[in-house]
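Comments concern the structure below.
The values are calculated or read from the model by the stated rules, or taken from the named source; none is laboratory data. Computed from a predicted model, the values in this text were never measured in an experiment. Every residue, glycine among them, receives a Cβ derived from its backbone with ideal geometry; neighbour counts consider all protein chains shown.
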Amino acid sequence: MRAVVDTNVLVSTVLSSGTPYRIYASWLSGEFEMVISPALVVELEDVLARPHISKRVRWSQSRMEGFFAAFQDRSMWVNPRQEIDRIKADPSDNRVLEAAVHGRADYIVTGDRHLLDLGQLEGTEIVTPAQFLAILVEARNS
């Protein structure tokens with residue numbers, strides 16, 4: 001199973017130990033393949049560097065380095081060549097769609113209403129973190 005995990009979920013991963021962190025741990029244990037693109041990593045780095053976010057990160061510098069190294073080592077990297085312009089209200093959300101289409105992801109995991117309102121795109125189901133965690137638990141138990 002392949003999934004694009006949106007920046008908002010990845011940021012939540014380093015801020016708390018809730019559902020987003022459990023999704024991250026499931027990825028590290030090999031329960032799904034994360035699809036990622038350079039544009040998404042740049043966005044993640046930018047968001048985590050924002051002062052109101054960075055002061056809430058409880059991880060050490062070395063743990064953060066390991067977090068980013070994991071993307072390098074364990075993700076399916078895509079470099080989308082086809083631009084998607086479906087979401088006008090927040091054009092950066094289109095980078096998530098591009099990665100999902102190019103990487104043939106089964107899921108986009110997001111808390112972003114613009115993406116969730118689409119429901120699906122070209123065979124990729126767009127789900128909340130809670131829905132994706134339930135999918136992972138079901139797959140684990142079957």
- Note on the structure: Note on segment 30-46: residues in a loop (DSSP other than H, G, I, E, B) and without any contact (Cβ under 8 Å) to a residue 60 or more places away in the chain are GLY30
- Message: Of the conditions (1) at pLDDT below 90; (2) part of a helix (DSSP H, G or I), ARG58 satisfies every one except a single condition; which number is it?
- Response: (2)
- Query: Name the pairs: first residue in segment 95-109 and within 14 Å of MET76 (Cα to Cα) and without any contact (Cβ under 8 Å) to a residue 12 or more places away in the chain, second residue surrounded by fewer than 24 Cβ atoms within 10 Å (Cβ to Cβ) and charged (D, E, K, R), Cβ to Cβ under 8 Å, at least 6 apart or on different chains?
  - Reply: none
- Filtering segment 60-95 down to residues that are closer than 17 Å to SER37 by Cα, of a type in the set (A, V, I, L, M) and surrounded by 13 or more Cβ atoms within 10 Å (Cβ to Cβ) yields ALA70, MET76, VAL78, ILE84
- Quick one: how many residues across segment 9-25 are surrounded by fewer than 18 Cβ atoms within 10 Å (Cβ to Cβ) and either part of a helix (DSSP H, G or I) or not polar (S, T, N, Q) (or both)? 5
